[in-house]
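Written out below as structure tokens is the structure these notes cover.
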Amino acid sequence: MIDLLEPMAKEPGVELALLCAHDGVAIAACGRASGQSVDTDVAGMTKDDGLAAMSAAWVHELSEAVAPLSWLPAHRISLRGARGILVLQRMESAILVVLLSHGLSPDDVRLSMDATIARIERTLRPSSDSPEETHKASGRTNEHPGPLPSYPVESATDLADGWVEAGDYADDTPPAGDS
């Protein structure tokens with residue numbers, strides 16, 4: 001994972017690029033500030049671990065606070081401080097944390113953060129040789145591979161309380177029991 005974070009950490013003004021799980025466990029860290037994390041405190045926790053735990057807790061708190069007001073949880077969060085800027089971007093499986101030096105804008109690293117996330121998600125995605133194999137593995141063989149999935153339409157199904165779900169009738173005659 002460190003090799004996926006290195007291009008992000010080499011950007012000018014980036015002090016630290018850190019990947020952490022949603023529960024606050026640091027997965028990988030790379031950057032100038034990462035070398036300082038060798039020192040541990042009394043509990044044996046490094047600075048990278050503390051930053052990862054604080055970032056995950058902050059994302060969780062913000063998501064809970066904003067959830068009743070918005071459709072989706074916060075995707076990209078930035079915190080401007082006296083010593084620099086902390087930029088967080090949520091992924092499905094982790095959180096990318098970038099620590100910027102003072103004077104930079106969070107928008108300056110938006111493109112490189114998106115590229116880093118795309119590289120990480122590409123490595124986590126199961127690889128296949130062709131789109132047809134992916135299509136066959138999904139179990140939906142009665143459709144053509146396309147940008148939007150279509151689910152097979154079945155015949156009418158009796159539901160609870162006498163309701164009937166409409167289906168696809170090939171010969172324009174409803175199944176037995178429908179009048």
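Only the coordinates and a few stated rules stand behind these numbers; no lab work does. Note that the coordinates shown come from a computational prediction; the quantities given were computed from them, not determined experimentally. Backbone-built Cβ (ideal geometry, glycine too); neighbour counts: all protein chains shown.
Data overview
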| read-out | value |
| --- | --- |
| For L99, L79, order by how many other beta-carbon atoms lie within 10 Å, fewest first | L79, L99 |
| Sorted by Cβ density within 10 Å, fewest first, the residues D23, D49 | D23, D49 |
| Sequence of T123, T116 once ranked by neighbouring C-beta atoms within 10 Å, starting from the fewest | T123, T116 |
| Global form of the stretch 2-124, assessed from the alpha-carbon gyration tensor, a/c cut-off 1.5 | rounded |
| Neighbour net charge for L62 - beta-carbon separation under 12 angstrom, K R +1, D E -1 | 0 |
| Cβ-Cβ FRET estimate between D114 and D3, R0 fixed at 22 Å, reported to 0.05 | 0.75 |
| Under the Karplus curve 6.51 cos²θ - 1.76 cosθ + 1.60, θ = phi - 60°, whole-Hz ³J(HN,Hα) for the stretch 12-21, x wherever Gly or Pro sits | x, x, 8, 7, 8, 10, 9, 10, 9, 6 |
| Neighbourhood charge, 15 Å Cβ-Cβ cut-off, centred on A21 and excluding it, Lys, Arg +1 and Asp, Glu -1 | -4 |
| Net charge of neighbours whose Cβ lies under 14 Å from the Cβ of L88, counting Lys and Arg as +1 and Asp and Glu as -1 | +2 |
